[in-house]
Amino acid sequence: MLLTILPSRRSGTTLFALALAAAVFAGPQAGTAQVTAFKQALAEAGSRHDDIAKFYRAQKFEGVWTGAAEIHRTRRVALLNALRRAGDHGLPTSRYDADALERQMAAARDPRALGMVEVEMTRVFLRYARDIQSGALIPGSVVSAIKREVDYADHMDVMAGFLTGNSPAAYLRDLAPRTLEYRALMKQKLILEERATQGGWGPTVPADTLKPGASGPEVIALRNRLMSMGYLARSNTRTYDKTITAAVSAFQLAHGLEDDGIAGESTLSEINRSIEARLKSVIVAMERERWLGHERGKRHILVNIPDFTAKIMDDGRVTFRTRSVVGASREDRPTPEFSDMMTHMVVNPSWYVPRSIIVNEYLPELRRDPNAVRHIDIVDGSGQKVSRSAADFAQYSARTFPFSMRQPPSRSNALGLVKFMFPNKYNIYLHDTPAKSLFSREVRAFSHGCVRLNDPFDFAYTLLAAQETDPKAYFHGVLKTGRETRVDLAEQIPVHLIYRTAFTDDRGKLNFRRDIYGRDALIWASLQKAGVELSRVQG
């Protein structure tokens, strides 16, 4: 018999430690034949994957998993344990199939089979490593508006790190994103799953609207649901009293709702969402966190699209926060997701109207009335202002319209009085706006794609504080000139436009937001198709 199968028990699961039987190599010719057969199997199986073939050539076709040494056994045990915990990360466990790998290991009875096991372990390891580091999906292939460029580690570097590290198990643990957010999301996922096994959050609230002062079975259902969710301490009240009002308000704040303490239609809709729905959001958020990678930047700007906020982060802490307005969900207006570097701001900006707005919105108006949209200049190719009275706009189509359009600096400018630039091919930036009333809305998806800020001046002061002694005085000095002025940032700042319907706050508490563009639903469907499963959950 070529292989000795040594069963060992760990965490209630049988792990097979493979070792070459010493008797097989009793004769030099037999030993040489066995080793040659093993290496030929490595070469054959590895040839199906360029990086694996390259790895084993560099190894001179020596195995790294299937030897008799203790380090080989340690690697095998660490890998199988990691694969069995892949579901904790919301990964598709069927993609790695630890049980099938274990069966293949146990069935290996000759050098060729052992070589096949060796290559399969490497293949599964690399698949798992890539998925847990950078995500199980390719984001742009799921949602075209996700323009994020995922950073994939080189397979050879991953293998080298694993083989040279002190602890295979520790190396495998460290493959997952080491961000505080990822760890917090994973913790909350496990808490939700545990809660689900205990019956979930109980019955839903059978009401359309409940207000303070109400009483009856609907209020009792609301009370019980809020207690189960952790927003209300144990209570026997049967009336919508101050404690329930405060709990509803806390729930509303954690779900991006108007915190008026009234359980209206939108609030009850969110209260009645199931643990299953919330788990899906958390799992999608973990996948998104893997796409974003490990390094955000010591100082960075974080725009969470469905949260309608923009934040400045310093050393992992929120040092500035403001409400935002993002792209409308219709047509081509949704704000895309990507990361870039903010290089400068423009005070008293002109608005150079995007071509899509010119031909789809303004040209039809100009055809009807040459004096339409008078607040915007029409400019020819040489930069000269076009006389409206001399132009025949009716002759132009969306394809042939030869002019540009520009709104000069002013308080009524569509960009307001300042814009923040991180030059990108999507023509997306952050900016002020004269339409201040939109910031009081609960759902703030109204723009053509750019991100409008509720407090752009304070945003500017915070950025300029890193390079100006009196950032407020400096900013207003530039503003008062009325001239369009570029202000460079002394240090470029990473900007991350993200989309999270589940995230944690400063205390690690889960927050949820609505899937305003339907992107998370598409991502969940793709994860499910890839093999991600939910535990059995209720309510």
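Before moving on, here are some points about what is shown:
- Segment 173-207, residues that are open to solvent by less than 40 Å² (accessible area, probe 1.4 Å) and part of a loop (DSSP other than H, G, I, E, B): Leu175, Ala176, Pro177, Thr179, Gly199, Gly200, Trp201, Gly202, Val205, Ala207
- Test set (1) in contact with a Phe, Trp or Tyr (Cβ under 9 Å, 6 or more places away or on another chain); (2) closer than 30 Å to Ser339 by Cα; (3) β-branched (Val, Ile, Thr) - Ile357 fails condition number: (1)
- Scanning segment 286-309 for any residue that is basic (Lys, Arg), in contact with a strand residue (DSSP E or B) (Cβ under 8 Å, 6 or more places away or on another chain) and either under 15 Å from Leu510 (Cα atoms) or open to solvent by less than 40 Å² (accessible area, probe 1.4 Å) (or both) turns up at least one such residue.
- Some residue of segment 500-515 being at pLDDT 95 or above and more than 30 Å from Pro203 (Cβ to Cβ): no
- Residue selected from segment 319-333 under the condition open to solvent by 30 Å² or more (accessible area, probe 1.4 Å) and in a loop (DSSP other than H, G, I, E, B), by the criterion nearest to Ser356 (Cα to Cα): Asp332
- Complete set of residues in segment 147-159 that are open to solvent by 50 Å² or more (accessible area, probe 1.4 Å) and in a helix (DSSP H, G or I): Asp157
- The set of residues from segment 301-331 being within 26 Å of Leu175 (Cβ to Cβ) and more than 16 Å from the chain's Cα centre (by Cα) comprises Met313, Asp315, Gly316.
- Residue within segment 208-224 that is of a type in the set (S, T, N, Q), open to solvent by 40 Å² or more (accessible area, probe 1.4 Å) and under 30 Å from Asn427 (Cα atoms) present: no
- Residue within segment 39-55 that is part of a helix (DSSP H, G or I) and among the hydroxyl-bearing types (Ser, Thr, Tyr) present: no
- Within segment 452-465, considering residues that are of a type in the set (A, V, I, L, M, F, W, C) and surrounded by fewer than 22 Cβ atoms within 10 Å (Cβ to Cβ), the one farthest from Phe475 (Cα to Cα): Ala465
- Figure legend. Inter-residue proximity from segment 167-189: first residues under 17 Å from Arg278 (Cβ atoms), second residues of a type in the set (D, E, K, R) and open to solvent by 40 Å² or more (accessible area, probe 1.4 Å), beta-carbon distance below 7 Å, spacing 6+ or different chains. Indicated pairs: Met186/Asp88.
- Screening the candidates Ala414, Ala394, Ala398 for the property of being modelled with pLDDT of 90 or more, more than 28 Å from Leu479 (Cα to Cα), hydrophobic (A, V, I, L, M, F, W, C) and in a loop (DSSP other than H, G, I, E, B) yields one hit, Ala398.
- Answer from Leu438, Leu497 - the residue that is under 20 Å from the mean Cα position of the chain (by Cα) and not charged (D, E, K, R): Leu497
- Residues of segment 422-444 classified as surrounded by 21 or more Cβ atoms within 10 Å (Cβ to Cβ) and not in a loop (DSSP other than H, G, I, E, B), total: 2
- Pick from segment 271-285, criterion open to solvent by 30 Å² or more (accessible area, probe 1.4 Å) and in contact with a Leu (Cβ under 8 Å, 6 or more places away or on another chain), ranking: nearest to Arg323 (Cα to Cα): Lys280
- In segment 475-510, residue most open to solvent (accessible area, probe 1.4 Å) [restricted to those that are of a type outside the set (A, V, I, L, M, F, W, C) and part of a helix (DSSP H, G or I)]: Lys480
- Among the residues of segment 137-146, the ones that are closer than 10 Å to Arg288 by Cα and either open to solvent by 10 Å² or more (accessible area, probe 1.4 Å) or of a type in the set (Val, Ile, Thr) (or both) come to 1 in all.
The values are calculated or read from the model by the stated rules, or taken from the named source; none is laboratory data. Model, not experiment: these values are computed from the prediction. Note that we place each Cβ from the backbone using ideal geometry, even for glycine, and neighbour counts take in every protein chain shown. Each accessible area value is taken on the protein alone, full model and side chains, heavy atoms only, with ligands, DNA and RNA left out. Shrake-Rupley method; radii C 1.70, N 1.55, O 1.52, S 1.80 Å.
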